[in-house]
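The values are calculated or read from the model by the stated rules, or taken from the named source; none is laboratory data. Owing to the predicted nature of the structure, the values given are computational and were not obtained by experimental measurement. Neighbour counts are summed over all protein chains in view; Cβ atoms, including those assigned to glycine, are modelled from backbone coordinates with ideal geometry. Ligands, DNA and RNA are stripped out before the accessible areas are found, and what is left, the full protein with its side chains, is counted by its heavy atoms. Shrake-Rupley method; radii C 1.70, N 1.55, O 1.52, S 1.80 Å.
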Amino acid sequence: MSQFDVVILGGGSGGYACALRSAQLGLSVALIEVDKLGGTCLHRGCIPTKALLHAGEVADNTRHASDFGVNAEFISIDMLAVNAYKDGVVSKLHKGLQGLVKSRNVTYIEGHGKLVGKNIVEVNGVQYTGKNVVLATGSYPKTLPGLTIDGKQIITSEQAIKMEHVPASVIVLGGGVIGCEFASVWKSFGSEVTIIEGLPHLVALEDESSSKQLERAYRKRGINFELGVRFASATTSQNGVNVTLEDGKVFTAEVLLVAVGRGPVSANLGYEEQGLTMDRGYLIVDNKCRTNVPGIWAVGDLIPTLQLAHVGFAEGILVAEEIAGLNPRAINYDGVPRVTYSEPEVASVGLTTAQAKERGHDVVELNYDLAGNGKAQILKTAGSVKLVAAKNGPVLGIHMVGARVGELLAEAQLIFNWEAEASDVAALIHAHPTLSEAVGEAHLALAGKPLHAHG
Ligand SMILES: Cc1cc2nc3c(=O)[nH]c(=O)nc-3n(C[C@H](O)[C@H](O)[C@H](O)COP(=O)(O)OP(=O)(O)OC[C@H]3O[C@@H](n4cnc5c(N)ncnc54)[C@H](O)[C@@H]3O)c2cc1C
C-alpha cells in the first residue's frame with residue numbers, strides 16, 4: 001500500500017491543478033487518471049473547440065477579405081487539415097502538462113480508480129492511501145429521455161470535435177455555451193445551422209441584453225434558432241435526422257448535436273458507499289470544497305458550481321492550500337469570468353441586472369455601444385459593454401458582446417472583484433485605439449463624464 005498526503009482521483013483541470021499546487025506546497029501527491037492527463041478541457045472541451053472556432057474565424061475573414069480591400073477567395077474547409085491543426089495544439093499542451101506534473105514530483109497513476117475506504121483509492125488492485133482524498137472525476141455530456149446518442153447522426157460534443165467532414169446541415173439541441181459555440185463553428189465552416197432551445201433566449205444564463213445581441217448577430221449570420229419550445233422526439237433515416245418539437249414543427253438535418261448540459265461522473269465510484277452527501281449525482285461540499293466526510297474533498301464539474309476549467313483550477317488550488325494550512329479565502333463565484341467564444345463573443349462577470357435587483361440593489365445601468373469605439377469599427381464588429389452598478393456604489397456586473405471581448409474580462413473581473421466604483425475606473429487611462437477603451441468609456445459615462453458617447 002502506498003501512502004500520500006493527497007490522493008487525487010481524476011486528472012482534469014480540477015485534479016491536476018490540485019496536484020501541482022499541493023506538490024508546490026511540499027505535500028506528497030498521487031494523481032490517478034484513467035484516460036489522458038488534462039481531462040475534458042484539454043482533450044474534448046476548451047482547447048479543441050477554441051481551435052475549431054479560430055479556424056472558423058479564418059474562414060470568415062477569408063470570405064470577407066474584400067471588405068478590407070484584400071483579394072482572397074474562400075474555397076472550402078479541409079477538415080482533416082483543421083483536425084491536424086487542432087490536434088497539434090492539444091498534443092503540444094498535453095506534452096507540456098505531462099512534463100510539468102513529472103517535474104513537480106507528482107506520482108502519476110494510470111488506471112480506473114475507485115474509493116474503497118474513507119481514505120483509500122484502489123487502482124488495478126493496488127490501494128493508495130491519502131491523509132486527504134480529492135475527488136475530481138468531472139462530467140459527461142447528458143442527453144434527454146428517449147434520445148439515444150448513436151455517435152454518427154445523433155452526437156454530443158465528444159464526437160463533434162472529431163468530425164472528419166463538414167455536415168451540410170446541423171440541428172443543435174441546446175442554445176447554451178457549448179451549443180452556441182458549435183453553431184458558430186459550423187456556420188463559419190458552411191453548414192446550415194438551426195439551434196433549438198427550450199428557454200426564451202440563447203445563452204440564457206447571461207444578462208438578457210447580451211442574449212438579445214447574440215440572437216441579433218446570429219440572425220445576421222444566417223444561424224437559425226427556435227426559442228422557448230421544447231424538443232419532443234427525433235428519428236433517424238438514411239436522409240438524416242428528423243427532430244419534432246412540442247409545437248409540432250419538424251426540422252431535418254444531416255446531424256443532430258445534443259448539447260443539453262453535462263452531468264457529474266460519480267456513479268459506481270464508491271462515493272455513496274463511503275457516505276458522501278450527493279444531490280442528483282453531484283457531491284455536496286462547503287465553501288472550502290470539503291465533503292461531509294472528513295478528509296474527502298471534491299472539486300470541478302463533480303460539484304454543483306460553474307462548469308468551467310478555471311473554476312476547476314481555482315477549486316483545486318483552494319483545496320491544496322486548505323490542506324497545507326494556508327487558510328485561503330473561499331471563492332466568490334459571482335466573480336468568475338464567463339465567456340461564450342462564438343462569433344461574436346459574449347463575456348461577463350458579476351451579476352446580471354435581474355440578479356442585482358433580486359438581491360435588493362438599487363440598480364443603475366449603462367450601455368456603451370461599440371459603434372463609438374475605433375478598434376471595433378476597424379474590426380467591423382458590433383456589440384456593447386453594459387455595466388450594472390449599485391446606485392452611488394460599486395460596479396456589480398459587466399456584460400460584453402462583440403469580437404474579442406473575452407479578452408476584456410481581465411480588466412472587467414478586477415473591477416468587479418475589487419468592488420470598484422465607476423469613478424475609480426474612469427480615472428484609468430486606456431490605450432487608444434483598443435477595444436479596452438470601451439470598458440473605460442462605459443465607466444466614464446457612468447461616472448457622469450462621457451467622452452465618445454452620444455446621448
Ligand atoms: C465542448 C466543451 C467546451 C468547453 N469549453 C470551455 C471553455 O472554453 N472554457 C472553460 O473554462 N471551460 C470549458 N469547458 C468546461 C471544462 O472543460 C470543464 O469545466 C473542466 O474540464 C472540468 O474539469 P474537471 O477536472 O472537473 O473534470 P474533467 O476535465 O472532466 O476531468 C475529469 C478527469 O477524471 C478522469 N476520471 C473520471 N473518472 C475516473 C476514475 N474512476 N478513475 C480515474 N480517472 C477518472 C477523467 O478521465 C477525466 O480526465 C468546456 C467543456 C466542453 C465539453
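Below is a table of values for the structure above.
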{"item": "Subset of segment 73-87 (residues that are open to solvent by 60 Å² or more (accessible area, probe 1.4 Å) and small (Gly, Ala, Ser))", "result": "76, 84"}
{"item": "Residues satisfying the stated conditions in segment 423-450, i.e. part of a helix (DSSP H, G or I) and within 28 Å of the chain's Cα centre (by Cα)", "result": "425, 436, 437, 438, 439, 440, 441, 442, 443"}
{"item": "Flag for residue 210 being open to solvent by 40 Å² or more (accessible area, probe 1.4 Å), of a type in the set (Ser, Thr, Tyr) and either farther than 30 Å from residue 298 by Cα or modelled with pLDDT under 95 (or both)", "result": "no"}
{"item": "Failed criterion for residue 12 (all others in (1) more than 26 Å from residue 404 (Cβ to Cβ); (2) away from the ligand (no atom under 14 Å from the Cβ); (3) small (Gly, Ala, Ser); (4) open to solvent by 10 Å² or more (accessible area, probe 1.4 Å) hold)", "result": "(2)"}
{"item": "Condition broken by residue 162, with the remaining ones in (1) under 22 Å from the mean Cα position of the chain (by Cα); (2) more than 14 Å from the ligand (Cβ to nearest atom) satisfied", "result": "(2)"}
{"item": "Residue within segment 29-48 that is more than 7 Å from the ligand (Cβ to nearest atom), surrounded by fewer than 23 Cβ atoms within 10 Å (Cβ to Cβ), outside any helix (DSSP H, G or I) and not aliphatic (A, V, I, L, M) present", "result": "no"}
{"item": "Condition check for residue 96: more than 16 Å from the ligand (Cβ to nearest atom), assigned to a helix (DSSP H, G or I) and open to solvent by 10 Å² or more (accessible area, probe 1.4 Å)", "result": "yes"}
{"item": "Criterion violated by residue 403 - all others in (1) surrounded by 18 or more Cβ atoms within 10 Å (Cβ to Cβ); (2) free of Cβ contacts under 8 Å to residues at least 12 places away in the same chain satisfied", "result": "(2)"}
{"item": "Pairs, first free of Cβ contacts under 8 Å to residues at least 24 places away in the same chain in segment 252-280, second of a type in the set (Phe, Trp, Tyr) and within 14 Å of the ligand (Cβ to nearest atom), C-beta under 9 Å, six or more apart", "result": "278/271"}
{"item": "Answer from 5, 60 - the residue that is in contact (Cβ under 8 Å) with a residue 12 or more places away in the chain, more than 19 Å from the chain's Cα centre (by Cα), assigned to a helix (DSSP H, G or I) and over 17 Å from residue 314 (Cβ atoms)", "result": "60"}
{"item": "Matching option when the condition is within 12 Å of the ligand (Cβ to nearest atom) and either charged (D, E, K, R) or modelled with pLDDT of 95 or more (or both), among 53, 20", "result": "53"}
{"item": "Pairs with Cβ under 8 Å, 6+ apart, first in segment 294-318 and farther than 16 Å from residue 6 by Cβ, second near the ligand (Cβ under 8 Å from one of its atoms) and among the aromatic types (Phe, Trp, Tyr)", "result": "none"}
{"item": "Tally, over segment 234-247, of residues that are open to solvent by 50 Å² or more (accessible area, probe 1.4 Å) and either in contact (Cβ under 8 Å) with a residue 40 or more places away in the chain or in a strand (DSSP E or B) (or both)", "result": "4"}
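Okay, residues lined up against (1) over 25 Å from residue 164 (Cβ atoms); (2) touching a strand residue (DSSP E or B) at 6+ places or on another chain (Cβ under 7 Å):
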position	(1), (2)
14	yes, no
26	yes, no
30	yes, yes
58	no, no
71	yes, no
77	no, no
89	no, no
96	yes, no
99	yes, no
